[in-house]
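Shown next, in structure tokens, is the structure this report addresses.
The values are calculated or read from the model by the stated rules, or taken from the named source; none is laboratory data. Being a predicted model, the structure only gives us computed values, none of them experimental. As a convention, Cβ positions derive from the backbone with ideal geometry for all residues, glycine included, and neighbour counts pool all protein chains shown. The area values use the complete protein model at the heavy-atom level, side chains included, leaving out ligands, DNA and RNA. Shrake-Rupley method; radii C 1.70, N 1.55, O 1.52, S 1.80 Å.
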Amino acid sequence: MRNALLALGNSMVGSLRDLLPIVLVIAFFQIFVLQQPVPDFIGLVTGLLCVVAGLTFFIYGLEMGLFPIGETLAHAFARKGSVMWLMIFAFSLGFGTTVAEPALIAVAAEAAKVAAEGGMIEATEASMISYASGLRYTVAFSVGLAIVIGVLRILKGWPIHYMIMVGYLLVVIMTGFAPREIIGIAYDSGGVTTSTITVPLVTALGVGLASSIEGRNPMIDGFGLIAFASLTPMIFVMAYGMVI
């Protein structure tokens with residue numbers, strides 16, 4: 001219990017330290033550049049305390065639960081020696097975490113709203129829900145496939161830089177053919193997938209898997225899955241835009 005409280009306290013100190021530069025920058029421009037009083041100071045302080053508390057519990061939760069379970073599952077699949085089940089797990093992990101990403105849900109809903117206002121789809125609730133769901137599941141499928149490719153790279157020892165170069169070359173080529181309305185959404189989709197839920201589990205999977213395989217270096221081979229998870233949604237969303 002004492003160790004848990006100590007770890008929680010360290011997480012809170014770290015959160016305060018990370019947020020301090022942001023607070024100082026905002027305070028400097030508000031007081032010395034704009035020379036205006038801080039609006040709703042009590043509400044601002046309350047919100048800041050909520051952010052500190054939320055960030056503290058989030059980081060503590062990652063260290064206590066998500067990172068260990070990701071590494072444990074990776075070790076278990078490596079010991080089991082079943083590549084098929086490892087691939088199924090990798091795809092399911094990428095797909096499931098991406099579908100649940102709050103940032104992706106928000107971006108998909110906003111994209112559907114803008115598409116309806118721009119006349120790309122019918123301005124009905126059913127059409128917007130269908131468009132947003134299609135976008136979410138397209139991105140989730142692409143991330144699941146990306147994690148499978150990343151896991152295969154770890155198993156085979158393929159160099160990541162060549163794979164990333166080929167992927168971004170494909171993005172550049174597809175940008176020239178995709179509808180202009182979908183390009184920005186596709187590029188943003190690559191960013192919102194690598195957020196609060198996906199990153200911890202996927203990173204833990206890669207590091208745990210590289211640690212379990214003889215001849216693999218967790219530092220060299222364990223990281224890089226997130227790069228694939230950011231890359232493939234751009235390709236698939238542009239393809240989605242071409243199809244619809």
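Restricted to the range 147-162, and to residues there that are open to solvent by less than 50 Å² (accessible area, probe 1.4 Å), modelled with pLDDT of 90 or more and not β-branched (Val, Ile, Thr), the residue that is nearest to residue 109 (Cα to Cα) is 150.
Which of the following residues is more than 30 Å from the chain's Cα centre (by Cα) and among the β-branched types (Val, Ile, Thr): 51, 13, 38, 25?
38
Screening the candidates 206, 176, 167, 144 for the property of being in contact with a Leu (Cβ under 6 Å, 6 or more places away or on another chain), at pLDDT 90 or above and either among the small types (Gly, Ala, Ser) or under 30 Å from residue 112 (Cβ atoms) (or both) yields one hit, 167. Within the range 73-84, one or more residues are within 29 Å of residue 136 (Cβ to Cβ) and at pLDDT 80 or above. Would you confirm whether any residue within the range 89-108 is at negative phi, surrounded by fewer than 17 Cβ atoms within 10 Å (Cβ to Cβ) and more than 21 Å from the chain's Cα centre (by Cα)? No, the conditions are met nowhere in the range 89-108. Taken together, the residues in the range 202-219 that are under 20 Å from the mean Cα position of the chain (by Cα), β-branched (Val, Ile, Thr) and over 15 Å from residue 87 (Cα atoms) amount to 2. Could you list all residues from the range 115-141 that are of a type in the set (S, T, N, Q) and closer than 11 Å to residue 99 by Cα? Residues satisfying the conditions are 133, 138. So, of the residues in the range 1-45 that are open to solvent by 70 Å² or more (accessible area, probe 1.4 Å), in a loop (DSSP other than H, G, I, E, B) and aliphatic (A, V, I, L, M), which turns out to be nearest to residue 61 (Cα to Cα)? Only one residue fits best here, namely 1. Every condition in (1) part of a helix (DSSP H, G or I); (2) among the polar types (S, T, N, Q); (3) open to solvent by less than 40 Å² (accessible area, probe 1.4 Å) is met by residue 211 except one, and the failing one is (3). From the list 205, 201, 231, the lone residue that is surrounded by 24 or more Cβ atoms within 10 Å (Cβ to Cβ), in a helix (DSSP H, G or I) and aliphatic (A, V, I, L, M) is 205.
Based on what the data block shows, is residue 57 surrounded by fewer than 13 Cβ atoms within 10 Å (Cβ to Cβ), in a helix (DSSP H, G or I) and not small (Gly, Ala, Ser)? Taking the combined requirement at face value, the residue does not satisfy it.
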